[in-house]
1. Can you report the number of residues in region B:95-117 which are crowded, with 18+ Cβ neighbours inside 10 Å and either over 15 Å from the mean Cα position of the chain (by Cα) or not charged (D, E, K, R) (or both)?
2. Yes or no: region C:12-21 includes at least one residue that is within 11 Å of chain A (Cβ to nearest Cβ) and modelled with pLDDT under 85.
3. Out of all the residues in region A:9-26, which are more than 14 Å from chain B (Cβ to nearest Cβ) and buried (at least 20 other Cβ atoms within 10 Å of the Cβ)?
4. Mind telling me which of the residues B:Ala110, B:Ala98, B:Ala76 ends up being of a type in the set (Gly, Ala, Ser) and under 19 Å from B:Arg145 (Cα atoms)?
5. Go through region B:31-90 and give me each residue that's free of Cβ contacts under 8 Å to residues at least 12 places away in the same chain, among the hydroxyl-bearing types (Ser, Thr, Tyr) and assigned to a loop (DSSP other than H, G, I, E, B).
6. I'd like the full set of residues that are free of Cβ contacts under 8 Å to residues at least 40 places away in the same chain and under 19 Å from the mean Cα position of the chain (by Cα), limited to region B:267-309.
7. Before we move on, is A:Tyr230 farther than 30 Å from A:Cys25 by Cα, surrounded by fewer than 19 Cβ atoms within 10 Å (Cβ to Cβ) and either modelled with pLDDT of 90 or more or not aliphatic (A, V, I, L, M) (or both)?
8. Mind telling me which of the residues C:Thr23, C:Thr44, C:Thr19 ends up being free of Cβ contacts under 8 Å to residues at least 12 places away in the same chain, part of a loop (DSSP other than H, G, I, E, B) and among the β-branched types (Val, Ile, Thr)?
Amino acid sequence: MTFNSLSYFLFLPVVYLVFYFTADCWRWLVLLTASYGFYATFKAPYLLAILLMVTGISYTCGLCIAAQQDEAIRKRWLWIGIFVCVAILVLLKYLPFLESHTNRIFGLNNAISVTIIIIGVSYFTFQAISYMADIYLEIEEPEHHFGRFALYMAFFPKLLQGPIERAGDLLPQLKQPYQFNYDAMRSGMLLFTWGLFKKVVVADRLALYADQVYNHVHDYTGLSLIIGTYAYALQIYFDFSAYTDMARGTGRMFGINLTENFNSPYLATSIADFWRRWHISFSRWILDYIFKPLQLGWRNWGQAGTALALIITFLVSGIWHGATWGFVVWGLLHGIYLATSTYYRPYQKLLHKWLRIDKSKWLKWWQVFVTFNLVCVAFIFFRAKTLNDAIYVVLHMFIGIYSYIQKMLVGIVGLEIANVRGLLRQLLIDQPQSEFITLIFFLLVLCVTSQLKKRIYIYDTPIWYRWSAYYLLFIFISFFGTFNSITKFVYLQF
Amino acid sequence: MNKLIKKIIIFILPIIAYCFLVILIDPFNYFSLFNDISNKVKLKIAYPNNELLWKCAEFKNVPCNNILLGDSRTDAIDVSKIEKLAVEKYYNFAYGGATPSEIVDTFWYAARLAKLNKVYIGINFDAYNKFNCMNRFPEMESIMRNPLLYLVNTSVLRSECYIIKSLLTGRSIVLSNKPTVSRDQFWQDQLEHSRNAINGKYLHPDNLYDNLKKIKTFCQDNKIELTFIVLPTHLDMQERITRFNLTLEHNRFYGDLHGLGKTFNFDYPNNLTQNKNNYEDPYHLKNTDIIINDVWGQSPPSIAQLYLR
Amino acid sequence: MTTIEALNQIFCMVFDDDTLQITPDMTANDVDGWDSLSHVNLITTLEAKFNIHFTRKELLKQRNVGDLIADIHRKLAAYA
């Protein structure tokens, strides 16, 4: 059961009603049961066992770390906890990779890993590690109530794809008595619906183009590859931010504020800025628990220490996403982008100041354009099925661009409508024209809405305006949404 | 909480009213619960809006053992004339714009609903292309499985509106797809810019061929007579094969078909395909009687090249 | 010069802002240009200036300038 399934639209109100009518002291149990029930719908009992195991280990290690005064013993408990969590994650995530290699080496024919699903494991494992680390650093006190701790780990809105919540943010909220709040309820429902719109109307439409190109890369060259890449960049953003909106909307209905995971990442003016805006809970996690310890440990190496820490951090990030060379290269690219920027950024700032363009709007948009394209280049390796496919895309994406632009200009100037139409048809990537027009329309809807949100607070508007917006959203989702079983959230696989 | 529940109820009331209206009017006979609107009206309005949905619902309501599959060229074949010759019931499950992937999925849909006896697949080289990969069928299957998706389908909404308009005004609505340009211009545009236009962008559809082999195996196992019909395109279309150096691929297409089943080939230079007056456009014959007589008639085919496996 | 005054001087030098006035609840969000690289510069400069060494844990625990001041005082007291 995922957030965009019809069964979830029944699950959520039922859980809420049971939650609402339950005595406050037992509400944690309702949510915990619902969370495990939600996880059980993936028909993989071992996932529940793993969640329980990671919960038990992190709960126990947290208590043991806090109970000890001796620094060495505290550290030992921390490392035991981290080791077990990481071992579980590595075993599950990289079992197919390990199995294929052992099969090759030993001439075996095992296929256990083919059927294993690992939805959510990456996220709650990281959350467990952050909990233990925060106790070790004495930033947080351990949670003694096992039930509430289990709920902190398993809370269903954030279970499958995050956000990765810090103990200090989520645990206090789970302990607060619940009071029905009309505004929180309606804003939660609206946020959920908005996320649903982004997923089923926009992201899944973009997927048609991205999938068409990246599932058959060798059938395309030039502009088609560029469009497929841009489509994927937009798809993954809308898909993941949609999930986050739905998670946050659901959380809000239960009086819980989950962390915002995105902040207009494609308006970033540098890769560092991008990572402050993209998958924020994850980038904060790798910053706090991988980058900072490495960087501070290597601080005597100066910039080289920082650069190396960045490369290793993003390499780990790439490997976290999956055991393929594509993800490794993606992580490495981001590490290299950031590492090199530590060297050239001070000089770049001086140059902009000297040229008096440091406050210029044009510079800002140029930086946004360059950053977006750097991110897209990395996404090529992220999305392509194999490293060879990714290299093919990189080597062939500019083939024929010049002649295409030339033909288009000639066609426009000479009013050769049929030729222009034929050239425009190439942008469709073998999809119907009506789909393309619908997609452009909804991308415009998103742009207009994001501008309106900055100027208008919807709950200050008249009721007819609000209800028109609600009905419009409902109509868009109902009539233009994709609800077949083929579409899944992109980040569910990590 | 009461305020919220009241508002939710008020919000969903129009939605429930709309759903009831859809079930009542039921443009595509999906539910077939009420028969207040005549089928003629629905056929005129709903069918052109979404042929695929119409046919899926129609076949689900009244399955048939003998079917035709294909795109608009096969769709143009008059099934009543076949039934006169063959003295058997036939269902023309072809629809405009059907890609080979959709044809394959339609076959399996039909096979699930009926004990198939004879299957005729209309397929041409211009469609037999890896780039011709659109597939609307999974969405259609979702609709057939889930009534909620039928209620929120845009074709259903459009048809509802036209039917209501027709009932209120008392005038019949005619949806016309006639082109607004001259015949020559339309002819040229179809040759060069239509979705199936032969223009050099071609790759052998390996996946499709594998899927057709699965159909052949299924038909053999279930004693279903499988026949392919390569419908006649005008010579202007056929010449593009040579112009764009696709002769080898063209021969491979026939090789594939011959390995799959009995094939009637009309698509070569002959009296029929040389004459522009026989055609609406480079793809579509004005009159499909010759096809019907050659394929279903008792006498040997007069124009078609027949290949028997 | 007190510890806080010396610390303020170092902040001004690292972030190239003579008008900077540190407060105990100040964090990286309050200072322009205080990113991970400049934070490392800050720490190495402080360690050199006060002749102290922070452990990794101490550095990871620090949440604001107040925590930094407390750690410096504690270390100076321990070395004294």
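The values are calculated or read from the model by the stated rules, or taken from the named source; none is laboratory data. Computed from a prediction, not measured in an experiment: that's the story for all the values here. Positions of Cβ are generated from backbone atoms using ideal geometry, with glycine treated the same way; all protein chains shown enter the neighbour counts.
1. To start, the set of residues in region B:95-117 that are crowded, with 18+ Cβ neighbours inside 10 Å comprises B:95, B:98-107, B:109-110, B:116.
Checking which are either over 15 Å from the mean Cα position of the chain (by Cα) or not charged (D, E, K, R) (or both) leaves us with B:95, B:98-101, B:103-104, B:106-107, B:109-110, B:116.
Qualifying residue count, region B:95-117: 12.
2. The answer is yes; a qualifying residue exists.
3. Answer for region A:9-26, where residues must be more than 14 Å from chain B (Cβ to nearest Cβ) and buried (at least 20 other Cβ atoms within 10 Å of the Cβ): just A:Val15.
4. B:Ala110
5. Result: B:Ser38, single match.
6. B:Glu280, B:Lys286, B:Asn287 - these are the residues of region B:267-309 that are free of Cβ contacts under 8 Å to residues at least 40 places away in the same chain and under 19 Å from the mean Cα position of the chain (by Cα).
7. Yes: the conditions hold for A:Tyr230.
8. On the way: C:Thr23 fails: free of Cβ contacts under 8 Å to residues at least 12 places away in the same chain; C:Thr44 fails: part of a loop (DSSP other than H, G, I, E, B).
Within the list C:Thr23, C:Thr44, C:Thr19, the selection yields C:Thr19.
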